[in-house]
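> Below is a structure I'd like to ask you about.
The values are calculated or read from the model by the stated rules, or taken from the named source; none is laboratory data. Since the model is a prediction, treat every value here as computed from it, not as a measurement. Because the Cβ atoms are built from the backbone with ideal geometry, glycine has one as well, and the counts that use them run over all protein chains shown.
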Amino acid sequence: MEGKEKKMEEKVLLPEGVSASLDDNMLILKKQKGEVKKKFHNPYVDLELKGNEVFFKATRNTKREKKIIGSFVSHLKNMIKGVTEGHKYVLKVCSGHFPINVSVSGEELIVKNFFGEKTPRVLKLKKGASVKVDGDEIVVESEDKEIAGQVSADIEQLTRRTGYDSRIFQDGCYIIIKDGKPIK
């Protein structure tokens, strides 16, 4: 059977007000809310920018390239949501034994009096994330979904204790809303 093999291609339309630039597979999206950068690198998938459309083209037509293109499209949609609306994670501070004091000072999140510990637990926050403490809730916001998710996970890990019965010792900071979707 001779003939040209059909190339796989996906197109994503950028919304109004979002500007994009491409530099060596590094896609940069900008809007008033902020800027998000992501490197899309795969030897079999090419990235093109034409006006306000982003094209992902595969040189081979296999299941693997279809999956990679699907992942790239999802990443791009998260980038678009990030520069237009932003990503928001909410954590709940739970304290049953000792009152936990959580505060943000500069680029650090400080947890004091966790299980009565004398030394505070300190987390250095990643650049690009905005963390606010409002009563018993911690709000993490960022244009980049990966940064917001990683900072939330780091906060949750900061108050993790092993070797204790988790049914009794439920103190800590726990993610309750992941990017607008409540945890079940």
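> Condition test on Leu22, is it of a type outside the set (Ser, Thr, Tyr), touching a Lys or Arg at 6+ places or on another chain (Cβ under 7 Å) and part of a strand (DSSP E or B)?
Considered against the rule, which asks whether it is of a type outside the set (Ser, Thr, Tyr), touching a Lys or Arg at 6+ places or on another chain (Cβ under 7 Å) and part of a strand (DSSP E or B), Leu22 comes out as no.
> Within the group Lys66, Lys57, which residue is of a type in the set (Lys, Arg), part of a strand (DSSP E or B) and either over 18 Å from the mean Cα position of the chain (by Cα) or at pLDDT below 90 (or both)?
Lys57
> If Gly106 passes every condition in (1) crowded, with 16+ Cβ neighbours inside 10 Å; (2) without any contact (Cβ under 8 Å) to a residue 60 or more places away in the chain; (3) outside the structural domain of Lys39 (by TED's automatic domain parsing) but one, which one does it miss?
Against the list (1) crowded, with 16+ Cβ neighbours inside 10 Å; (2) without any contact (Cβ under 8 Å) to a residue 60 or more places away in the chain; (3) outside the structural domain of Lys39 (by TED's automatic domain parsing), Gly106 comes up short only on (1).
> Sticking with this structure for a sec: Please verify whether Met1 is modelled with pLDDT under 90 and either among the aliphatic types (A, V, I, L, M) or more than 21 Å from the chain's Cα centre (by Cα) (or both), treating the condition exactly as stated.
Judged against the criteria, Met1 is a match.
> What's the number of the only condition in (1) touching a Lys or Arg at 6+ places or on another chain (Cβ under 7 Å); (2) modelled with pLDDT under 95; (3) closer than 30 Å to Pro15 by Cβ that Gln150 fails to meet?
With (1) touching a Lys or Arg at 6+ places or on another chain (Cβ under 7 Å); (2) modelled with pLDDT under 95; (3) closer than 30 Å to Pro15 by Cβ applied to Gln150, the lone miss is (2).
> So, one more: Consider only pairs whose beta carbons are under 7 Å apart and that are at least six residues apart or on different chains; among these, list those whose first residue lies in the range 7-34 and is closer than 19 Å to Gly82 by Cβ and in contact (Cβ under 8 Å) with a residue 40 or more places away in the chain and whose second residue is hydrophobic (A, V, I, L, M, F, W, C) and in a loop (DSSP other than H, G, I, E, B).
Within 7 Å, the pairs are Leu27/Phe40; Leu29/Val18; Lys31/Val18.
> In addition: Does at least one position in the range 139-155 carry a residue that is hydroxyl-bearing (Ser, Thr, Tyr), in contact (Cβ under 8 Å) with a residue 12 or more places away in the chain and under 20 Å from Ile80 (Cβ atoms)?
yes
> Tally the residues that are touching a Phe, Trp or Tyr at 6+ places or on another chain (Cβ under 6 Å), surrounded by fewer than 17 Cβ atoms within 10 Å (Cβ to Cβ) and in contact (Cβ under 8 Å) with a residue 60 or more places away in the chain, restricting the search to the range 43-74.
Number of matching residues: 0.
The rows are residues; the columns are (1) closer than 30 Å to Asp154 by Cβ; (2) outside any loop (DSSP other than H, G, I, E, B); (3) without any contact (Cβ under 8 Å) to a residue 12 or more places away in the chain; (4) of a type in the set (A, V, I, L, M).
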| position | (1), (2), (3), (4) |
| --- | --- |
| His41 | yes, no, no, no |
| Leu76 | yes, yes, no, yes |
| Met79 | yes, yes, no, yes |
| Gly82 | yes, yes, no, no |
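> Quick check on this structure: which one of Arg121, Arg160 is without any contact (Cβ under 8 Å) to a residue 24 or more places away in the chain, over 13 Å from the mean Cα position of the chain (by Cα) and not assigned by TED's automatic domain parsing to the domain that holds Glu35?
Going through Arg121, Arg160 in turn, the sole match is Arg160.
> Additional query: Where in the range 100-184 are the strands (runs of 3 or more DSSP E), entirely inside, with at least 3 residues that are closer than 22 Å to Leu76 by Cα?
Passing ranges, in order: 137-142.
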